[in-house]
Structure formats: C-alpha cells, structure tokens
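First the structure, which I've put down as structure tokens, then a few questions once you've had a look.
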Amino acid sequence: MSCGIEQELTAYIDGELSTGQRQQLESHLAGCVGCRATLTLLRHAVARLSTLPAFEPSPRLRREVFRRLDSEPGGLLQRLRQLFRPVVLVPSLGLVTAALVAVLLARVPGKELIADPAQLELGENLELVSDLEVIGLNSLEDLEVVKHLHELESQP
Amino acid sequence: VVEDADAALMLKVAAGDKTAFAALYDRYQASVARFAYKFVGDRARAEELAQDIFIKLYRSANGYQQSAKFKTFLFRVATNHCLNEIRRGEYQVTQVAENDAADGRGDLPGDDAVQPEAALAAKQLERVVRKALAEMSERERVAFTLCRFEGMPYREIAEALSCSEAAVKSLIHRATVAMAKRVGAAQEAVPAGSHA
C-alpha cells in the first residue's frame, strides 16, 4: 500500500470515481503489482463484511418506541386540535370573557378605585417630604419650626 | 424537490400522523438499530440509542424539508445523536478483547450445533469486525458503517456527517484499509481447514 493513488482504490471499489478517474486507475493497476494486491485485499474484506449475519433488533424496541411516542404531543395540526378541543376551549373562553369584563368595568367613569385618603395626601406632598429629607429635617420639632417660620420672619 | 415516498410519509408525520410514522419505523428500524449497534458494539445500548433516534425523528418532523432525501435526513439525525451521546459520555464504545468469546452474540445465528465450523468462523469474523470498528475514530466509524452496511453513496454520507465528499472519501478509505488489515490478519491466523 505504497502508491500515491491508494485512496482511489477504495473509491474505485465503491463506484465513486468518474469515468476518467476510473480509466486512469485501471491503466495504473495494469502495471502496478502492489496496487493490485491492495485492491484484492480491500475487495476481500468488503466481501467478507457482506457475509455477517443481519442485526435483528428485539421486539421490545418497537414496543418502547411506540410507548414513548404515545406521550409525545404530535404534529402541528394535532397540537392545534388539542388546543381547540372543547375541554380546553370552553374554560379558556370563560377565563378570557371574565378578564374582558373586569377590564371594561375598570374603565367605566366614576368607578375608579378609591384609595386611602392618607395615601393620596402623601402622594400629593411627596415632593415636599423628599425636600425636607434632603435638608435634614426629620424630627417633628423641626417640622413645627418650619410650619411657624413665617411668624418668626414677621417678628422684628 | 426529491420524489421520495418516505418524504411524503414524513410530511404526514409532521401533521401528526402516527400511522405514517409507524410505516417509516417498520421500514428503517433494522437499519437504525444496526447503525447504532455498529457504533457502540453493544446490543442493549444500541437499542436505547435506536429508541432515542426514532423519538428525535418524530420530534424533528416539523423541521423536515422535502429537498433532502429521507434516508439521508434519518441518518443525519442518527449520526448527530450517536456522536452527541458519545461526547456527553453517555456511552462508551465497547472494547473487544482479542480472545473475547463471551460477547460474540449480537448478529450471530444460533445454529452452532448444526454447522460448528461455520458458526465459529462467523463468530470470529464478527469479533474482528467489532474490534476494528471500536478502534476507528467516531467519524470513521460513522462513514464506514453508512457506506459498508447501509450502502449509502459518499455524497449522502457527507450530508449526514455535515462534511465534504473529499473528507468522506478519506474517512472511508482509512477505515476500510484498517478493517482489511484486521480481517486479513485474522484469516491468516485461522488454521487451514477451519473455514466452511
């Protein structure tokens, strides 16, 4: 197995060479004892492989494959059918309807949610609260001073 | 578009037709199981791999395009699965000892008593082939198996392995030479008169 065309011998056996390549190889084989010997060895091995008994899978293989297949969701069409079958569709439509009603009711004028008045007041004065925190007025006494600041200003 | 009866069945599988899948399964189960067996060298593990391959085939039906020949698509799924499982360490290729007679079952007929010499020769050949397959690289083993046992042309093997035809030619050549050396050496070692 020393010729440079060795790789072509396997492709030749397998019928994978073009007509030109095959003719070229056959010309070479006519004058090369080594390549003819290699070709014989390769052909013999390939022929022996064809005598191997067939591998027969056990019946268990089929059972297992189809058992597992039963738990598979199926193709697109089958999945759509699954999705739109009554047992899924009716409760789903009920949920969607309930959600739509809730949204519509929430948008009716005069039906806004009534929040805690204290929370609303805090929200309105949030800016003031944060300002007081920024300047470091945290205690009730400080806030009392701020509340009566205008009285102090009016005093001479 | 490839005119392929199997491709038409595969399109039905994509629509959820399990009867079409059963037809494909029955047509290809022996090939897939044999491919897996040649790949790992162990019957039980080969059947586990074959199960997974068919389930993957079913799941991938939606992605199947009729431009690819079905058998090529099937063995691409099979090749990727086997290579991935080996890389993940899920399977080891069964190594075969020189004098391993205990695990010579698998493909073998059970008529040892009828033709003992022929059965012995078949067992020996089987052992030699398994050893040679185990010594190949994974890609050599895939290419060799698809070529020698499934009869696939280099172009389709290249598609299954996602490589060039030139690469397949090289893989198959190296594997065939290695196999030929093994088979030749084993035959020389057998005493004259022991062949059927």
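None of the figures in this text is laboratory data; all of them are computed from the coordinates on show. These numbers come from a predicted model, not from an experiment. Because the Cβ atoms are built from the backbone with ideal geometry, glycine has one as well, and the counts that use them run over all protein chains shown.
With θ taken as phi - 60° and the coefficients 6.51, -1.76 and 1.60, list the Karplus ³J(HN,Hα) couplings across the range A:7-20 in order, rounded to whole Hz; mark glycine and proline as x.
Going residue by residue, I get 4, 5, 5, 5, 5, 5, 4, 7, x, 9, 9, 6, 4, x Hz, with x marking Gly and Pro.
Moving on. Give me the inter-chain shielding for B:166-172: mean count of other chain Cβ atoms within 10 Å, whole number please.
Mean inter-chain Cβ contacts per residue within 10 Å come to 3.
Each residue of the range A:41-54 in order: what ³J(HN,Hα) in whole Hz does its phi give by Karplus 6.51 cos²θ - 1.76 cosθ + 1.60, θ = phi - 60°, with x for Gly and Pro?
With coefficients 6.51, -1.76 and 1.60, one gets 4, 5, 4, 4, 5, 5, 5, 5, 4, 6, 8, 5, x, 5 Hz.
To continue, here is another question. Which order do the peptides B:21-28, B:141-148, B:160-167 take when ranked by the mean count of other beta-carbon atoms within 10 Å per residue, highest first?
With the highest mean Cβ count within 10 Å placed first, the list reads B:141-148, B:21-28, B:160-167.
Apply the Karplus curve 6.51 cos²θ - 1.76 cosθ + 1.60, θ = phi - 60°, to the phi angles in the range B:128-144 and return the couplings in whole Hz, x for Gly and Pro.
5, 5, 4, 5, 5, 4, 5, 7, 6, 5, 4, 6, 4, 5, 4, 4, 5
Can you sort B:Val77, A:Val96 so the residue with the fewest Cβ neighbours within 10 Å comes first?
Ordered from fewest to most neighbouring Cβ atoms within 10 Å, B:Val77, A:Val96 come out as A:Val96, B:Val77.
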